[in-house]
Amino acid sequence: MRVRTAVPPKKKKIVVSEDGPYVVSAGIPLHMGIIEPNEEGLSWGLKNAKTFVTKGEYKLCRCGKSRTKPFCDDSHTRTHFDGKETATRRPYLRQAEVFDGKTLLLGDAEELCAFARFCDPGGKIWGLMDQTDNPEARRLAIREASYCLSGRLVLWDKETRDRIEPKLKPAISVIEDPAIGCSGPLYVQGGVAVESEDGTPYEIRNRMTLCRCGASANKPFCNGSHASIKFRDGLVGFVRMKKG
């Protein structure tokens with residue numbers, strides 16, 4: 001008698017290929033996320049503008065040169081893209097500086113910053129920490145940290161020591177940032193695993209951002225270089241917002 005054994009499902013993950021694209025497991029949704037500013041022009045919301053059609057495993061551009069963005073078209077081979085991974089393997093808690101507030105603790109791993117600027121409203125989150133005994137200031141601080149796409153900013157409740165994290169389903173968002181007239185990183189949500197080209201996994205985090213402009217000095221993670229080089233993926237038209 002032949003006995004069938006159950007085959008465990010493949011773990012959903014993103015694999016960083018050597019000098020090539022991100023290889024994404026089937027079943028991880030891919031969206032376009034547009035950063036929406038408030039009346040003062042500061043990052044406030046993230047709009048899900050569309051969902052991309054993907055079939056099975058798919059590959060996302062990492063060099064910034066593909067003509068079929070956000071998907072890879074093998075431009076990395078023609079442009080001799082250097083995708084060497086330079087990010088530290090240290091876990092978040094060993095990277096982060098901790099700021100002691102009235103009712104909250106703020107972890108800040110500055111190297112992970114993706115320049116999404118959700119930490120700016122209300123006088124920047126660092127300035128709110130000594131005001132978090134005020135319910136409104138506490139709510140704003142939690143909101144700002146929860147919108148930090150890269151997971152640079154993480155909060156803990158001082159009394160319970162519980163980590164304060166938004167509940168996110170596994171997904172990837174292609175970020176567009178009209179306020180500064182450029183395209184942003186890949187926003188990876190919900191604890192999706194990221195694996196190095198050598199098979200070594202990075203720490204699983206609820207929120208992280210991966211470079212897709214090719215210019216980050218912290219590959220595979222974003223370090224905000226897309227803003228300095230004015231990276232545009234051609235997926236949306238930008239009208240630069242006027243100040244004042």
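For the range 50-62, name all the residues that are surrounded by 15 or more Cβ atoms within 10 Å (Cβ to Cβ) and within 18 Å of the chain's Cα centre (by Cα). Matches in the range 50-62: F52, K59, L60, C61, R62.
So, in the range 150-170, of the ones that are in contact with a Gly (Cβ under 8 Å, 6 or more places away or on another chain) and buried (at least 23 other Cβ atoms within 10 Å of the Cβ), which residue ends up nearest to D120 (Cα to Cα)? So that I can check it myself, show each step before the final result.
Keep residues of the range 150-170 that are in contact with a Gly (Cβ under 8 Å, 6 or more places away or on another chain), which gives 153-156, 158, 168-170.
Keeping just the survivors that are buried (at least 23 other Cβ atoms within 10 Å of the Cβ) gives 153-155.
Values: L153: 12, V154: 15, L155: 16 Å.
Of everything passing the filter in the range 150-170, L153 is nearest to D120 (Cα to Cα).
Selection over the range 35-67 of residues that are within 30 Å of E197 (Cβ to Cβ) and assigned to a loop (DSSP other than H, G, I, E, B) gives a count of 13. Output the residues belonging to the range 120-149 that are among the charged types (D, E, K, R) and in contact with a Leu (Cβ under 9 Å, 6 or more places away or on another chain). Selection gives D120, R138, E144. Comparison of G107, G83, G123 shows that the only residue that is out of contact with any helix residue (DSSP H, G or I) (no Cβ under 6 Å at 6 or more places or on another chain) and under 21 Å from P37 (Cβ atoms) is G123.
Residues of the range 146-171 that are within 14 Å of the chain's Cα centre (by Cα) and more than 22 Å from A217 (Cβ to Cβ): S146, Y147, V154, P166, L168, K169, P170, A171. I'd like to verify a number: residues in the range 1-18 that are farther than 23 Å from E176 by Cβ, under 20 Å from the mean Cα position of the chain (by Cα) and at pLDDT 95 or above, how many? Final tally of qualifying residues: 3.
Do you know which residues across the range 93-114 are in contact (Cβ under 8 Å) with a residue 60 or more places away in the chain and buried (at least 21 other Cβ atoms within 10 Å of the Cβ)?
Of all residues in the range 93-114, those in contact (Cβ under 8 Å) with a residue 60 or more places away in the chain come to 104, 111-114.
Passing the criteria: L104, L112, C113, A114.
Of all the residues that make up the range 143-160, how many are assigned to a loop (DSSP other than H, G, I, E, B) and either under 19 Å from E36 (Cβ atoms) or assigned by TED's automatic domain parsing to the domain that holds S183 (or both)?
Taking the range 143-160 as the starting set, the residues that turn out to be assigned to a loop (DSSP other than H, G, I, E, B) are 147-152, 158-160.
From what's left, either under 19 Å from E36 (Cβ atoms) or assigned by TED's automatic domain parsing to the domain that holds S183 (or both): 147-150.
The total comes to 4.
Can you name the residue in the range 217-240 that is over 16 Å from R62 (Cβ atoms) and touching a Gly at 6+ places or on another chain (Cβ under 6 Å) and, of all such residues, is modelled with the lowest pLDDT? It comes out as R240.
The values are calculated or read from the model by the stated rules, or taken from the named source; none is laboratory data. As the structure is a computational prediction, the values presented were derived from the model and not from experiment. We place every Cβ from the backbone using ideal geometry, glycine too, and count neighbours over all the protein chains shown.
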